[in-house]
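The structure under discussion appears below in the form of structure tokens.
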Amino acid sequence: MKKLLLFIVLLCSISLSFSQEKELSKEEKEKRERNIQAGNPFKEFGYKPKIATLSKGKYLEFHDLDSIVKIGSFTFHVKRKIINGYSQEETKYSEATLRPEIVSRWFSPDPLSDEFPSWSPYNFVKNNPLRFIDPTGLAPEDIIIWYKDENNKSQSFTYTGNNESNAPKNKFVQSVLDAACNNTTNGSGKNLQSLAENKNVKVSVAETSENSMFSSAQNAIFWNPEGGTETDNGTVRSPASVLEHEADHAVGYNSDSKSYFDRLNSPDSQYSNKEERRVITGSEQTTARANGEISGKQVTRRNHNGRLVITNGVSSNAINRKKTYNYYKLLDANGYQVNKELKKYKPKN
Ligand SMILES: [Zn+2]
């Protein structure tokens, strides 16, 4: 936070040296004000100070609109206000060295960033250098499964849709492959399979102990291999089904990011937004049906709500009450309001 404030002070002083701006149309002015206020760190305190931005508010410069953002060497969940994970950073040639060619890249917002409102204009090739440095498709570009090896070092395995036999015997990697295999065997899982086979996209799958989600900022699926979802109508989906839901978001984003963001930013009274409506009413139903989690005319849910439950396995939708209860006890200990869940999942006797 200190660093952020320092940065703002720095920006303020830089802005003084700008010459006066040319006449803006009313819409442009309104748009600028919106962009500036989106980066106002004092909004929640009710202050509206003059915020200086390098593009004079033309581009969003402060916050990524995704729920997980990367700040320095850690990822931060902006909604839950917790640190999600750490990444190992090159320290020899990092910002820490203050080498001008490294530090200065953050002072040059992407001129086209206005077309990608959900991206910070300071991102580099959508945080996805492998995909954009090599757009020819000559190198294999598939699903990258990230895991920690026995020395707790980050490793990755590239899944091409049919190279399971070369996969490391790592628990998380095997869980992803089990889920993929379970879904395709049951006649679903098309989204994850197409991500694996598509040479033009590179989606990461990484482990989380929280709700599974797709982050467009990292083009990554954060998947909880133990976490299923129980909905308001009592339907439970297995972690494998949840993985396919997130894979569908990833397919949506990678096939046409503009339409993806349009849907994401279109509110939907029933399913939060149009992207969730697309996935929940689409692949979520066919996957849950194929995996035997709903039957006949049953639907998984008619809204976007769902509680994380720990199930008996990657492909199981049977709730493990003890583990689920312990999960919520941990959240409770960390100050989350989970009384309802604690009551609901309290093990019988
Ligand atoms: Zn979703």
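Laboratory data are not the source of any read-out in this text; all were calculated from the coordinates shown. Model, not experiment: these values are computed from the prediction. Every residue, glycine among them, receives a Cβ derived from its backbone with ideal geometry; neighbour counts consider all protein chains shown.
For residue 299 and residue 149, calculate 0.36 nm times their separation in residues minus their Cα-Cα distance, and state this gained length in nm to one decimal.
Full-extension gain reported as 50.1 nm.
By average Cβ neighbour count within 10 Å, what is the ranking of 216-223, 169-176 from highest down?
216-223, 169-176
Kindly provide log₁₀ I(q)/I(0) values, in the same order as q = 0.14, 0.16, 0.22 Å⁻¹, from the Debye equation applied to equal alpha-carbon scatterers of segment 214-312.
-0.50, -0.66, -1.20
Quick one: 3J(HN,Hα) in Hz for segment 25-31, Karplus 6.51/-1.76/1.60 with θ = phi - 60°, rounded, Gly and Pro as x.
6, 4, 5, 4, 4, 5, 4
With viscosity set to 1.567 mPa s at 4 °C, what whole-number translational diffusion coefficient in µm²/s follows for segment 140-318 from Stokes-Einstein and a Kirkwood radius over Cα pairs? Walk me through the numbers before you get to the answer.
Working: Rh = 16.2 Å.
In µm²/s, the coefficient is 80.
Cα-Cα over 29 Å: which of 79/348; 202/323; 81/169; 43/70?
From the list (79/348; 202/323; 81/169; 43/70), the Cα-Cα distance tops 29 Å for 79/348; 202/323; 81/169.
Within segment 155-181, whose backbone N sits under 16 Å from a point 7 Å along Cα→Cβ of residue 197?
159-164, 180-181
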